[in-house]
1. Using a 1.4 Å probe, what is the accessible area per residue for the chain, in Å²?
2. By a straight-distance test (C-alpha under 25 Å), which lysines pair with residue 5 as possible cross-link partners, with residues fewer than eight away in the same chain excluded?
3. Step through the residues of region 44-51 one at a time and calculate ³J(HN,Hα) from phi using the Karplus curve (6.51 cos²θ - 1.76 cosθ + 1.60, θ = phi - 60°), rounding each to whole Hz and writing x for Gly and Pro.
4. Taking semi-axes √(5λ) of the Cα gyration tensor in Å as the quantity of interest, determine which of [x] 31, 23, 8; [y] 32, 14, 10; [z] 23, 13, 11 was computed from the displayed structure.
5. Could you list which residues have their amide H under 5 Å from that of residue 51, counting only those 5 or more apart in sequence or on another chain, with H placed in the peptide plane?
6. Need the full-extension length gain, residue 35 to residue 56, defined as separation in residues times 0.36 nm minus the C-alpha distance. One decimal, nm.
7. Please give the residues of region 1-40, grouped as numeric ranges, whose backbone N is less than 17 Å from a label point set 7 Å along the Cα-to-Cβ vector of residue 46.
Amino acid sequence: MKEMKLTDYLIDGTQQEVADALKITQGAVYQMVSNNRDVRLVLNNKGRIVRAKEIKKFPTGKHGTRTANA
């Protein structure tokens, strides 16, 4: 299995191809791209999309890292 960024896949592929493979709408794929989401596609050995995942930063909270006072 191979993993690649959605934007890299769309250089040669189409939003509709991604949408069909993930069973979502083309509009949803468009929103992922226009909102600059870090979406990774997982491809099988034949280059077909198997699944997708979004990479997000872990929230640190408003005040950064805190420790509890015991």
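The values are calculated or read from the model by the stated rules, or taken from the named source; none is laboratory data. Please read all numbers here as calculations on a predicted model, not as lab measurements. Note: ideal-geometry Cβ built from the backbone for every residue, glycine included; neighbour counts use all protein chains shown. Each accessible area value is taken on the protein alone, full model and side chains, heavy atoms only, with ligands, DNA and RNA left out. Shrake-Rupley method; radii C 1.70, N 1.55, O 1.52, S 1.80 Å.
1. 83
2. 23, 46, 53, 56, 57
3. 7, 5, 8, x, 8, 5, 9, 7
4. Of the listed options [x] 31, 23, 8; [y] 32, 14, 10; [z] 23, 13, 11, [y] comes from this structure.
5. 42
6. On the way: separation 21, 0.36 × 21 = 7.56 nm, distance 1.28 nm.
Fully extending the segment from residue 35 to residue 56 adds 6.3 nm.
7. Counting only backbone N, you get 1-2, 17-18, 20-23.
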